[in-house]
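**Student:** Please find one structure pasted underneath; my questions will follow.
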Amino acid sequence: MTVFNASRLLGKTVLITGASSGIGAATAVLFAKGGSNVILTARRADALQKVADQCTAAHKEAGLQHGGKFVTIQIDVSDRSQINGFLERIPVDLREIDILVNNAGYVVGVDKVGDLSLDNMEGMFATNVFGLIALTQLFIKEFKKRKTGHVINLGSIAGREAYAGGSIYCATKHAVNAFTGSLMRELVDTPIRVTEIQPGMVETEFSVIRFKGDQSAADKVYEGLQPLMAEDIAEEIVWAASRPPHVNLAEVFVLPVNQASATLNYRAPKL
């Protein structure tokens with residue numbers, strides 16, 4: 001017996017973007033463990049298959065009779081042409097998506113205004129904002145027809161509070177926050193739920209990408225404190241998805257215990 005009822009996840013079909021690593025991968029595995037079918041999407045096909053194998057193992061270990069279908073689809077959500085024909089690439093028996101997790105995200109650099117790369121700027125907006133909106137539009141139409149569905153967007157503390165060196169990333173996450181809030185209000189007369197998960201410091205390869213592969217620079221971000229892990233955020237996503245149909249967790253703001261804001265944290269002194 002568990003404290004909370006997760007039976008609402010049984011047999012549900014979940015589509016997750018950015019599922020090849022980090023939060024997306026951890027979320028896919030947890031949904032699999034909960035008895036859901038999962039469509040894993042990302043740019044890296046080889047990495048996706050490894051996560052799909054982990055999903056299969058987690059589902060088998062759980063011993064559930066529901067769910068258990070795990071499909072990988074390579075897609076770059078920043079490429080509009082790939083999104084246009086995306087529905088047709090989903091296996092017919094999995095096209096009735098119940099939960100859309102917009103997790104794909106991209107950040108690079110800590111440059112300040114005046115030194116920003118236009119290519120990096122366009123890349124972040126294309127993935128974090130335009131891709132998320134385009135994919136949501138596809139499935140909102142289907143959700144409205146079926147009068148069911150749940151959109152879960154990965155926001156960030158950067159969408160609540162700007163900080164120096166993060167002007168473009170913060171701008172994209174503020175856009176996600178505004179879009180998610182508007183979407184929830186537009187759907188208030190429907191059973192469709194809309195959630196934004198807003199993590200603080202999470203240690204994944206996301207930070208390594210931000211520092212252009214410099215692992216030591218990424219490690220310093222978390223030095224002296226215990227950051228959140230991908231699995232911590234996956235639990236919040238799955239928790240939100242497993243609530244009763246009349247319950248909508250509109251925003252879930254999650255911080256490690258030693259972080260109080262984007263720039264205020266406590267780091268244990270070196271001994």
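The values are calculated or read from the model by the stated rules, or taken from the named source; none is laboratory data. Note that the structure is predicted; figures quoted are calculated from it, not measured. Cβ placement follows ideal geometry from the backbone for every residue including glycine, while neighbour counts extend to all protein chains displayed.
**Student:** Of all residues being in contact with a Leu (Cβ under 9 Å, 6 or more places away or on another chain) and either aromatic (Phe, Trp, Tyr) or in a helix (DSSP H, G or I) (or both) in the range 50-64, which is farthest from residue 129 (Cα to Cα)? Just the residue, please. Step through it out loud before you land on a result.
**Tutor:** Applying the first criterion (in contact with a Leu (Cβ under 9 Å, 6 or more places away or on another chain)) to the range 50-64 yields 51-52, 55, 58, 64.
In the following step, the residues that additionally are either aromatic (Phe, Trp, Tyr) or in a helix (DSSP H, G or I) (or both) were identified as 51-52, 55, 58.
Numbers: 51: 25, 52: 26, 55: 28, 58: 32 Å.
So, considering only residues that are in contact with a Leu (Cβ under 9 Å, 6 or more places away or on another chain) and either aromatic (Phe, Trp, Tyr) or in a helix (DSSP H, G or I) (or both), the one farthest from residue 129 (Cα to Cα) is 58.
**Student:** Here is a further query. Test of understanding: among 105, 67, which residue is in a loop (DSSP other than H, G, I, E, B), touching a Gly at 6+ places or on another chain (Cβ under 7 Å) and at pLDDT 95 or above? Even if it seems obvious, please write down each step before you answer.
**Tutor:** On the way: 105 fails: at pLDDT 95 or above.
Going through 105, 67 in turn, just one is in a loop (DSSP other than H, G, I, E, B), touching a Gly at 6+ places or on another chain (Cβ under 7 Å) and at pLDDT 95 or above: 67.
The rows are residues; the columns are (1) closer than 30 Å to residue 247 by Cα; (2) surrounded by fewer than 16 Cβ atoms within 10 Å (Cβ to Cβ); (3) among the aliphatic types (A, V, I, L, M).
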{"site": "115", "(1), (2), (3)": "no, yes, no"}
{"site": "125", "(1), (2), (3)": "no, no, no"}
{"site": "136", "(1), (2), (3)": "yes, no, no"}
{"site": "143", "(1), (2), (3)": "yes, no, no"}
{"site": "146", "(1), (2), (3)": "yes, yes, no"}
{"site": "150", "(1), (2), (3)": "yes, no, no"}
{"site": "153", "(1), (2), (3)": "yes, no, no"}
{"site": "165", "(1), (2), (3)": "no, yes, no"}
{"site": "168", "(1), (2), (3)": "no, no, yes"}
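**Student:** I'd like the residue in the range 17-37 that is of a type in the set (Ser, Thr, Tyr) and under 22 Å from residue 87 (Cβ atoms) and, out of all such residues, is farthest from the chain's Cα centre (by Cα).
**Tutor:** Just the residues of the range 17-37 that are of a type in the set (Ser, Thr, Tyr), to begin with: 17, 20-21, 27, 36.
Right, trim to under 22 Å from residue 87 (Cβ atoms) and you get 17, 20, 27, 36.
On the way: 17: 7, 20: 11, 27: 8, 36: 17 Å.
Top of the filtered list is 36.
**Student:** Can you work out which of the residues in the range 32-49 that are in a strand (DSSP E or B) and out of contact with any Pro (no Cβ under 9 Å at 6 or more places or on another chain) is nearest to residue 6 (Cα to Cα)? Before you say what the answer is, go through the steps one by one.
**Tutor:** Going through the range 32-49, the residues in a strand (DSSP E or B) turn out to be 37-42.
Then drop every residue that is not out of contact with any Pro (no Cβ under 9 Å at 6 or more places or on another chain), which leaves 37-38, 40-42.
Working: 37: 14, 38: 16, 40: 21, 41: 24, 42: 26 Å.
Applying the filter and picking the extreme gives 37.
**Student:** List every residue pair whose Cβ atoms sit under 7 Å apart, with the two residues 6 or more apart in sequence or on different chains, where the first one lies in the range 118-135 and is in contact (Cβ under 8 Å) with a residue 12 or more places away in the chain and assigned to a helix (DSSP H, G or I) and the second, anywhere, is acidic (Asp, Glu) and surrounded by 17 or more Cβ atoms within 10 Å (Cβ to Cβ).
**Tutor:** Matching pairs, first to second residue: none at all.
**Student:** Could you check the range 219-264 and list, in sequence order, the residues that are among the hydrophobic types (A, V, I, L, M, F, W, C) and under 16 Å from residue 158 (Cβ atoms)? Write out each step before concluding.
**Tutor:** From the range 219-264, those among the hydrophobic types (A, V, I, L, M, F, W, C) are 221, 225, 228-230, 233-234, 237-241, 247, 249-250, 252-255, 257, 260, 262, 264; that's our starting set.
Correct list: 221, 228, 233, 252, 253, 254, 255, 260, 262, 264.
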